[in-house]
Amino acid sequence: LLEKAGAQLVVGDLLDRATLDAAVDGCHGVYSMGAPNEVGIEGEVREGFNIADAAWEAGVAHFVYSSVIGADRSDGAPFTQGKHRIEHHIGDLGLPATIWRPTSFMENFLRQKDNILAGRFRSMLQPDELHQYIAVDDIGRFVALAFAEHDRFVGVTREIAGDEMTPVDMAALFSLVLDVPVAYE
């Protein structure tokens, strides 16, 4: 789809700085989102620094980074600490950037799909504990908004969420949408 829309696709490896330099050369903007799943937290930090450095050296006009809620605290959960360091690196470089800090992805519920369809929704949260969620498509909308309204969003760091519910509310919503009784456990 991107190619059909006129985008030139370029392969880059976040751990190979030379490929990133070539990939961002001549770009107006760069969007970056990392995950420690395969490379670990230190690998994610290296990847984040590499893409930010490449964007800065290429003179990119707008860098949009998808971080995580809680990345403002250096003593947060381990998965937030790498993103905390990347955010600070982006700031230290002086990149014209927007940083979105999304909360838990709604798509994480897919891991429980079979249980939910069987009428059981499990959560480690207390039944009445509010928690925020966002759909990954909505993160994409925030990224597009940042690029579309450059002057409004350069320099902005903001937490983003799409909804806030308790686990009991989630079970009720699953019941309604699926037309199957779903109980919170």
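The values are calculated or read from the model by the stated rules, or taken from the named source; none is laboratory data. Because the structure is a prediction, the values reported are computed rather than measured. When we count neighbours, we look across all protein chains shown, and the Cβ atoms used for this are built from the backbone with ideal geometry, even at glycine. The accessibility values were calculated without ligands, DNA or RNA, using every heavy atom of the protein model including side chains. Shrake-Rupley method; radii C 1.70, N 1.55, O 1.52, S 1.80 Å.
Quick look at the values:
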{"read-out": "Test: residue in region 137-153 that is under 18 Å from the mean Cα position of the chain (by Cα), without any contact (Cβ under 8 Å) to a residue 60 or more places away in the chain, closer than 22 Å to Ala23 by Cβ and assigned to a helix (DSSP H, G or I)", "value": "yes"}
{"read-out": "Considering residues of region 51-83 that are farther than 22 Å from Arg152 by Cα, modelled with pLDDT of 95 or more and open to solvent by 30 Å² or more (accessible area, probe 1.4 Å) only, the residue nearest to the chain's Cα centre (by Cα)", "value": "Asp53"}
{"read-out": "Those residues of region 19-50 which are out of contact with any strand residue (DSSP E or B) (no Cβ under 9 Å at 6 or more places or on another chain) and either open to solvent by 70 Å² or more (accessible area, probe 1.4 Å) or aliphatic (A, V, I, L, M) (or both), in sequence order", "value": "Ala22, Asp25, Gly26, Ala35, Asn37, Glu38, Val39, Ile41, Glu42, Val45, Arg46"}
{"read-out": "Residues (of a type outside the set (A, V, I, L, M, F, W, C), without any contact (Cβ under 8 Å) to a residue 12 or more places away in the chain and not in a helix (DSSP H, G or I)) located in region 49-88", "value": "Gly59, Arg73, Ser74, Asp75, Gly76"}
{"read-out": "Within region 160-173, tally of residues that are open to solvent by 40 Å² or more (accessible area, probe 1.4 Å), of a type outside the set (A, V, I, L, M) and in contact with a strand residue (DSSP E or B) (Cβ under 6 Å, 6 or more places away or on another chain)", "value": "3"}
